[in-house]
Each structure stands twice: as structure tokens, then as C-alpha cells.
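Inspection log for the structure reproduced underneath, given as C-alpha cells.
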There are 2 protein chains.
Amino acid sequence: MKFFQVKSVEETFSLIKEQIQPITEYINIPLFEALHFVVAEDIYASENVPDFRRSTVDGYAVKAKDTFGSSESFPGFLTLAGEVQMGQLPPGVLQTAEVMYVPTGGMLPEGSDAVIMIEHCEDMDGLINVFRQVAPGENVISVGEDMQKGALLLRKGTKLRSQELGALASQGITEVTVIRKPIIGYLSSGDEIVPIETERLAPGEVRDMNGMTIGALVTGWGFAFQYGGIVKDNREEFEKAAREMLEKADCLIVSGGSSVGAKDYSVEVIQSLGDPGVFVHGVSIKPGKPTILSMAGRKPVIGLPGHPASAIIIFHLFGKAILEQLNGFRYQEKQLTFARVTKNIPSSPGRTDYVRVRLFEEDRIWYAEPIFGKSGLISTLVQSEGVIEIAARSEGVQKGDLVPIRIFQ
Amino acid sequence: MKFFQVKSVEETFSLIKEQIQPITEYINIPLFEALHFVVAEDIYASENVPDFRRSTVDGYAVKAKDTFGSSESFPGFLTLAGEVQMGQLPPGVLQTAEVMYVPTGGMLPEGSDAVIMIEHCEDMDGLINVFRQVAPGENVISVGEDMQKGALLLRKGTKLRSQELGALASQGITEVTVIRKPIIGYLSSGDEIVPIETERLAPGEVRDMNGMTIGALVTGWGFAFQYGGIVKDNREEFEKAAREMLEKADCLIVSGGSSVGAKDYSVEVIQSLGDPGVFVHGVSIKPGKPTILSMAGRKPVIGLPGHPASAIIIFHLFGKAILEQLNGFRYQEKQLTFARVTKNIPSSPGRTDYVRVRLFEEDRIWYAEPIFGKSGLISTLVQSEGVIEIAARSEGVQKGDLVPIRIFQ
């Protein structure tokens, strides 16, 4: 089996964008369980937040005009007319030339339009010396300033972080409709692969590292992982296991068997799982060239290279994009991390290279030190914190270049 | 209560480093549950990985010297002496002028010292035409090249990512000794705070946003969260609740009541919980000045500002550092994310400012657009993806400056 048409990294990403459709099953879950879920519908504010005028400081509620002209040298004098208690209505309406004490977060009395900080006043037995002037609205959060009743609070496709949960909580929303988390099925293939718990390896055997690493990435990103075990290099057995797993899961990952070897049934099996079928077979990338991407109906199928380190790098790159998109998240990878490389790294044009790097700081400058090693070595990944990308059009990077870094997460 | 001695951000971080001791309780857990746990002891390799010489390509195992001088125009001719099956011993010992087919990951036969890629050969009925020469060791992973028996695999204090789990799995390690995850207790304080599920707010009341946002951050970072509810502004009640929670937890977070208001018992209560007591009361930072950090015995106590947005920013900054250190992780914050600011942002020298920003890309350049708004507004955080730090010594940043960004996670 030859690679049909090797795709570039950019082509692969745009095919992913085109092919993967989000899951359309929605569930209602309690807000306190909703972290990192994706909102299934637009959510509007049903209340103003705050629904009363709040002070942002400890101070005195005033009519701003009563403070105009006040300064250190010419303080104003205003009368203390009471104290606002937290969580309660003010004791009355503020009259001209009066102030009312209000703590941070407290409610402004009617008649007031600003708060002067306590540090800028002096209380002389109920006569308040005011050493500054304040403008109307100063140190006040007005009604609906944070969230306006009826306004769009969260757009469909928003992934819930702490602040979005806080915004919903402020509205008294205790349950939220989200997209069900995709279930990611996984199979390792290869006659040489044995379970992790195998105590003594026979000659030529290796333990199923990829089942562990890919499982950890899937669960670490917040998706559900179903480990389907190890299948031998036997087309019928492999296809049967793949079909069974694909029925239970929203996405199937197969590791190993995607290279151009005599026994590499992966691409045939993956193609046989359903239409529209394989849309990427081979990427011009190092490591990870023998990557397969396919769609069986609405379910993505990912064929990862068997080399553990290649599998991790490819899964960070394309797997995360596929899973996030399946989950309905408007995923856009942001490569905002930069460091200076410590060595020249040559690269072949026409192929995107991912080089593992260790990061370290010296005098507030971050450096990326390449960790060289064969693509099968997991120890090189243990020493690394991410990879740098050397674009297909480039012949390499020079020592000292500021390069973008993908951090392993 | 006045702030004793306001600390700089740098002083605060170095006090955190000095004060917080890691938890010393260790647990054994299955490897497949160990993601993001911190390793409690050095782990050494008990096996070589691989424990046999493996091919990194599909090709023919050869004696490298038999290929010397071979080229496209002068191919060498070698005899096919058999085929290596995955996971099995090779069928025999390789003799001079022989090759043996070996798939990716397969075991090299004795007598061979390199593999030539199948693409560089042609099989003519058992006579293999060789169009390239290979060097000894080429396309081979030697015994122990990934992990050497007896070598240090993972150092104590390593946080387990997918690749570390893979490395352990490759050794047949199915259980690992880790530091128990810290339990983080939480209390909201304030007469105005009511539970999230409150359907209709009385005048002056607000729902407990911080309980939700801080809880989400704690669980999102992988720690256990215990919500202790809301306590009223009453010193006895507050102290009792704080003591009870601190007994159950490894760290206590208190939100609200840390400002300089008449009813702000927080610092007194926190100080009363045990020695050595408060080591930070006030940070020269905006937002989040009224931050309190304390140690009650070996347990950190964190007093967060009541403003929801300030609480989130402070908790990202100092809270994460404290929790990671408590968890035994050699935490070093890496600010490797940079973008160009779209506007001038003035700042007062002597105070570190954190300005919320939205990130967007244009022509492969990332920009940070400041989101202005009062520190109490959570909506400004919903619009933001991180904050930029304006150092205390600086008077601001200029439009176009490349600035470091802390991403909200």
C-alpha cells in the first residue's frame, strides 16, 4: 500500500475544518459540573447584574456636586447621615450636603451619585471633612453595568471557563445545556504489542505505550476515553474490533499499522468503516508521516503512527483539533509562545518538521533547546516541554531565532 | 484595620516560595489514574527500552558494510534470507551478503547492524537490488537507547504528563507513588452574599459568584475542592467556620472581607488560625490590592478580594503558585506568550497592573486588545483570554509593544 497523496500540514488542517461536524446531542448538567463543557445554545441574561448601584470602595456616598471644589487645602464639610449595611437597603434618602457611609459592594442610597473613598475624608464627630472632589458615577457600578437584562451572555460554542461559570452563577442559573462530551474509542494494533501489565516481555515484544499516552491526552483535554485493547495484525480481527468500538464511540483512534508495510491493514480497515472515508493518508511532516484521517459517517477515525513519540506529537497537532471541533468548540489554535533556539536546526523544504525542545530562562529571556533523537524514543519527549514547528517552505532555523512553540498540554 | 506593609508582586512570589511546604502524604495509585499527579520519589528504569534492537523503518536488515558503494547507478545485490515477524524472534542469523525483511518496530537479526529502507531497494525474485549505502546503526534503535536499565527515569516532583505515563508503561509499571492531591477548602464571607440557587434577590444582595469561579479554577487545575458555603460578617461565626474547614482541608481560601472596612474581620480571623500567621497583607497590584496570605502551621490560608474579577486574577497569579507548591510540584511560571498591544495603556509606577486582554490574529501576528472595566465586572473577564502585566517600575506600555501575556487556564 502506497501513500495516495501526501498532504501538507495546512491542507490537513483545512480538511479537518471542512470534514468534522460537531456532536448534536445536548445534555443539561448542574453548573458546578460544567467546567470545560461547550454551551449548546445562546444564553441571555435574565437579570441585571448588579441589580442595584454598588460602591466599588469603602467610602461615603455623596452627591458629586457637593464635593466640587474640595481639596487638601480647602476641604468640604458634609454631614454623616447614616451607614449602609451590606446586603441591606440604605437607611434613607441622601439629602444635599449629606454623606452616608457605604462599604465596598454596598448599595448606594437614593439621592447619591458617587462615592468618595474613606482615605480622602476625615470623620470629625459626624462632620465629614472631604479632601477631594469626585465626578458623578465615580466609584460606582451602575445597575446592569456588568450584565444587562436581555443581553447575550454566552454564545453557543463557548467553552465554559471559571469566568463564564461565574457569570451564569451571578444570574442564578444553576443548570446549563451543553454539548455531550465526545466518547473517544481507542485500539492499538500490532503483533508485537502486549498489555502494560505484562511482567516479562518475550523477545520482540513491547508494551502498549500508546494506549496509555493517548488515553492520558484524551482525558486530560476533558473527553471520555474508552480503551479497546490490542488487536493483532489480522485484517478480519482488526476490522471487527474497529466496527465494535466505533459503534460505542463518537470517534475512533487506531495506533500502529499505518506505515507502508506488508501487514498494514489500517488504511483498508479504516476505509471500510463507512463513507465518505479516508481524506488524509500521509502528511508531509516529520515525525508522523503515516497519519490517516477518515470520516465514517459523522464519526472521525484517526490512524496514528505506531512510534510512541510520533503518535503523541501528531495527536497534539491534529487529534486535539479534531476532538475540539467534534465537541462543538470554535477551536483556533493559538501559537503565542515564543523562545530563542539555542542551535541551528536544518530542515528539508517541502516538509513541516516538529523538533522537541526543552525551555529554560536566562536573564528574563526564554530559550528553546532542541532535544534530538529518533522519533520512536519516548525519553526525548519526557525531556521536552513542547515542539517548534519548522515550516515546509523553510530550510531550518538559525541559532538565536525567535520561534513559535507548541507546548505539550 | 490598615494594611500593614504592602508587598510588591516579586516580594509576594518569593515569600510564597519560602513559606509553602509540600504535602508529605503519599499514595499508590494505578497508572491510568495518575495523570497530573506529582511523583513522590525518584523512579529508576528496571528494564532496557527497547530490550532488543528495533528497526525504525520498513526495510531490510543488512550488514552495513555489504551496502558500501551501492548507488542508483551501481546497485548492490544481496540475497533475501527470510522475513522477521512482528513480536517474534528473527528466523536466523544474518550472513554476509544476505538481507532479511524487517517491518517498522521489528527485531533485527543477529549479524545485522543496519536497516535499509524498502524504498531504496528492489526485490527481484529474492535477489535484492540495493540502491544506497547505509551506515552501521542506521534506522536502528539499539538496546536501551530509549531508557537504560538502572537510569533515573523520573525525578521526584515531576508532574505526570502523557509522555511520563508512557515511559512508565513501557517499563511495565502499573502503579505509582504520588503526592496526595491537596484538598482546598473554601468560604465566602459577606452579609450581602447569598447562595447561587437564590431565585429572587433582595435589595443589596448578590449571589456567590466567587464560590463558583474559584471552585472551577481549583478543580480545573486538578485539585480537590470543598465548598464551605457563606459566612456572615460576624467574627465568631467566621472564625468557627474557618477553623472547621481548615481541619478538613490542606489549604483554606476565604473570599471577601479583606478590604479596609469596619467589618473586615478576615485578617484577624486568618491571623488567629495559627502560627506563623499572616505574611502578606496587601500587594501593590491592581486589581487585587487587599490580598492576604498566611500560614496556619503547614497549611496556607489565602484571603482573596471580594470583587469577582479581582479574585480570579489574584487566584491565577498567587493561588496557582501556592497550590502547585503545596502539591510538591517544582512550579515555575513561564510567561512565554507574547502579543502586540493595540492601544497605549498608562500605569502608575510603584504598582503592578494586570490589564485584561482579548487576543486576535492578523497576518500571523497576534494582538492583545485591552478590555477596560471596573475590577468588579465579571463580564470583562468573559471577554478576555488573559492579562498583560505592566511592571511596577513601568509607566505603561505603548501601542505596538510586544508584551508578555498570562493566559487564563
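The values are calculated or read from the model by the stated rules, or taken from the named source; none is laboratory data. Treat the numbers as computed from the prediction; the structure is a model and nothing was measured. A quick note on method: Cβ atoms are made from the backbone with ideal geometry, for glycine too, and the neighbour counts reach across all protein chains shown. All accessible areas refer to the heavy atoms of the entire protein, side chains included, with ligands and DNA or RNA removed. Shrake-Rupley method; radii C 1.70, N 1.55, O 1.52, S 1.80 Å.
Annotations
- Inter-part distance, the stretch B:383-406 to the stretch B:227-245, computed on C-alpha centroids, equals 37 Å.
- Computed over protein heavy atoms with a 1.4 angstrom probe, the accessible surface ordering of A:66, B:353, A:51, largest first, is A:51, A:66, B:353.
- Of interest is the spacing of the C-alpha centroids, which for the stretch B:276-331 and the stretch B:75-149 amounts to 60 Å.
- Cα lying deepest toward the dipole's positive end in the protein assembly as shown, options A:153, A:359, B:279, charges on Cβ: A:359
- Chymotrypsin sites (Phe, Trp or Tyr not before Pro) within the stretch A:322-402: DSSP coil, no more than 15 neighbouring Cβ in 10 Å: A:372
- Each Lys or Arg adds one and each Asp or Glu takes one away; over the other residues whose Cβ falls under 12 Å from the Cβ of residue B:369, this sums to +2.
- Cα centroids of the stretch A:357-381 and the stretch B:25-68: 19 Å apart.
- Rounded, prolate or oblate (a/c below 1.5 giving rounded, otherwise prolate when a/b exceeds b/c) for the stretch A:54-141 by Cα gyration tensor: prolate
- Local electrostatic count, residue B:20, Cβ distance below 11 Å [Lys/Arg +1, Asp/Glu -1]: 0
- At 7 Å out from Cα toward Cβ: residue B:224 inter-copy label distances (nm, ascending): 2.5
- If you take all other residues with their beta carbon under 10 Å from the beta carbon of residue A:166, and give Lys and Arg +1 and Asp and Glu -1, the sum is 0.
- Normalised by the number of residues in the stretch B:70-136, the average gap of Cα pairs under 8 Å and 6 or more apart makes the relative contact order 40 percent.
- Kirkwood-type radius of the protein assembly as shown, with distances r between different C-alpha atoms, in Å: 29.5 Å
- Computed over chain A: relative contact order in percent, which uses C-alpha pairs under 8 Å that are six or more apart: 17 percent
- Average Cα contact separation per residue, the stretch A:15-122, under 8 Å, 6 or more apart, as relative contact order %: 31 percent
- The protein assembly as shown: antiparallel DSSP beta bridges as a percent of all, rounded to 5: 70 percent
- Qualifying GluC sites (Glu not before Pro) in the stretch B:324-409, where qualification requires a DSSP coil assignment and no more than 13 other C-beta atoms within 10 Å, comprise B:333, B:395.
- Antiparallel %, DSSP beta bridges [both residues in the stretch A:337-407], to 5: 90 percent
- Gyration tensor verdict on the stretch A:337-407 (Cα atoms; rounded if a/c is under 1.5, prolate if a/b is larger than b/c, oblate otherwise): oblate
- Copy-to-copy label distances for residue B:248, where each label lies 7 Å from Cα along Cα-to-Cβ, are 3.6 nm in order of increasing length.
- Added length on full extension, which subtracts the Cα-Cα distance from 0.36 nm per residue, residue A:124 to residue A:232: 30.1 nm
- Mean ellipticity per residue at 222 nm, deg cm²/dmol - from DSSP H runs of n ≥ 4 across chain A, formula -39500 (n - 2.57): -5000 deg cm²/dmol
- Sorted shortest first, the separations between the residue A:197 label point and its copies elsewhere in the assembly read 4.0 nm; each point sits 7 Å from Cα along the Cα-to-Cβ line.
- Buried solvent-accessible surface, both chains (A, B), 1.4 Å probe, Å² to nearest 100: 6900 Å²
- When the trypsin sites (Lys or Arg not before Pro) in the stretch A:281-383 are filtered for DSSP coil states and for at most 11 other beta-carbon atoms within 10 Å of their beta-carbon, the remaining sites are A:364.
- Of the beta bridges in the stretch A:183-257, as assigned by DSSP with both residues counted there, near 0 percent are antiparallel.
- Label-point separation, residue B:135 to residue B:224 (7 Å along Cα→Cβ), nm: 5.4 nm
- All-pairs alpha carbon distance profile, chain A, 10 Å steps from 0, percent: 5, 18, 20, 17, 13, 10, 10, 6, 2, 0
- Residue pairs, from the table A:181/B:299; A:240/A:289; A:289/A:399; A:17/B:320; A:374/B:65, whose Cα atoms sit over 28 Å apart: A:181/B:299; A:17/B:320
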